[in-house]
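One structure is given below, encoded as structure tokens.
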Amino acid sequence: MSKLTVISAKIPEEVYEELTLRVPEGERSNFIREAIVEKLQEVPRPNKIFELEQKISILEKDLSEIKTYLAELELLTYEKGKVNPHSFGIDDIDHKIIDYLLHYRGATTSELAEFLETNRWLILNRLRKIRSRSKKQLGKSIVKYSSGEKSGKRKAWWISEELVES
């Protein structure tokens, strides 16, 4: 071992009492040193973390491409240019939102929140995620927000009928 450096650490009194009971007085310094070295071996080095982040970034990019190809395959499974909107939902709430929009062709976040008995911010976040997932996979989003009036509704979300199967 190389040159040793003195450090100071505050530990809970119960831990100190346990240390004095279990480790003899002359061995405590070695015990603490070995415990620190052992714990450090479990923690990755910062350059390793950076390397892993880069690999994850590359994997995410590749996964995005695979999802795009899968979406294209799904487009071929349905009519040309039509897609199953439920493929962009991740759970029951998303599927209920999509069902409501398919049935009524459009809705405000307040209407959806009342229908699903939840808060409208959750609905808004879910709609935005559905929009971004579909845009990422298809190049076009299956839901669109319109602040103007359409079919008697203002500031509502609409399902893209040209992309959705009937």
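Quick notes on this one:
- About its Cα centre, the dipole of the stretch 1-61 is roughly 420 debye, where the only charges are +1 on Lys and Arg Cβ and -1 on Asp and Glu Cβ.
- Counted by neighbouring Cβ atoms within 10 Å, the residues Lys96, Lys55 run from fewest to most as Lys55, Lys96.
- Simple spin-label estimate for Thr108 and Lys48 in nanometres, 7 Å along Cα-Cβ: 5.5
- Antiparallel %, DSSP beta bridges [both residues in the chain], to 5: 90
- Among Ser147, Phe31, Ser134 the positive-end extreme of the charge dipole of the chain (Cβ point charges): Ser147
- Under 19 Å from the Cα of Lys10 - lysines, other chains or at least 8 residues apart: Lys39
- On the beta carbon distance between Glu117 and Glu65, with R0 = 35 Å, the FRET formula returns roughly 0.35.
- The GNM of the chain, with springs linking C-alpha atoms under 10 angstrom apart, assigns the highest mean-square fluctuation among Leu102, Leu21, Leu124 to Leu21.
- Given the alternatives [x] -0.60, -0.79, -1.05; [y] -0.37, -0.73, -1.05; [z] -0.56, -0.84, -1.05, log10 I(q)/I(0) by the Debye sum over Cα atoms at q = 0.10, 0.14, 0.17 Å⁻¹ as computed for this entry is given by [x].
- Members of Lys96/Lys140; Lys129/Lys153; Lys55/Lys155 lying beyond 31 Å, as alpha-carbon distances in this model show: Lys55/Lys155
None of the figures in this text is laboratory data; all of them are computed from the coordinates on show. As the structure is a prediction and not an experimental result, all values here were calculated from the model. Every residue, glycine as well, gets a Cβ built from its backbone with ideal geometry; the counts of neighbours run over all protein chains shown.
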